[in-house]
């Protein structure tokens, strides 16, 4: 089953990425996508960011994470080697310039770039990078058949906004910005 970025979340204080599987009145229920299938609830105090809502700063505008993942995947398929924490700051920035040459170097930190690469590594065998968002013409019946979570995009985003408001507004994790 293909995963879409609207179903994948990053939960503060938890490593890796999780898949949204349900919601509760005071948070979400997520499942680790690392293969363990471990499920846990989130609380209102945890920041939950949907990957579909994340973008990175550029000098002109913001670039959606979906588009960055597509470019990164294309470059990796073409032979570009991924970077790691062991690389120098200059090497990390040079790597990212190959992906997104107009990124705002004052607002995108090396840690943001490393997080992006980490997420790519987690997702590379679990998503189709050519189809990261749900097809717009998909019917309700097709969605039920595919056994996607019973949470619509709208209600999942509302839950995230409610969680953010409970913590005093929308906050950014580093400079990968949500919303």
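The values are calculated or read from the model by the stated rules, or taken from the named source; none is laboratory data. This is a predicted model, so every value here is computed, not measured. Positions of Cβ are backbone-derived with ideal geometry, glycine not excepted, and every protein chain shown enters the neighbour counts.
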Candidates 67, 61, filtered to the one that is assigned by TED's automatic domain parsing to the domain that holds residue 113, over 14 Å from residue 132 (Cα atoms) and free of Cβ contacts under 8 Å to residues at least 40 places away in the same chain: 61
Residue ranges of helices (runs of 4 or more DSSP H) in segment 86-179 with at least 1 members at pLDDT 50 or above, out of contact with any helix residue (DSSP H, G or I) (no Cβ under 7 Å at 6 or more places or on another chain) and farther than 26 Å from residue 11 by Cβ: 89-99
Filtered residues of segment 13-34 (kept if exposed (fewer than 13 other Cβ atoms within 10 Å of the Cβ) and within 14 Å of the chain's Cα centre (by Cα)): 15
Any strands (runs of 3 or more DSSP E) falling wholly within segment 35-83 and containing at least 1 residues that are out of contact with any strand residue (DSSP E or B) (no Cβ under 6 Å at 6 or more places or on another chain), at negative phi and surrounded by fewer than 19 Cβ atoms within 10 Å (Cβ to Cβ): 39-41
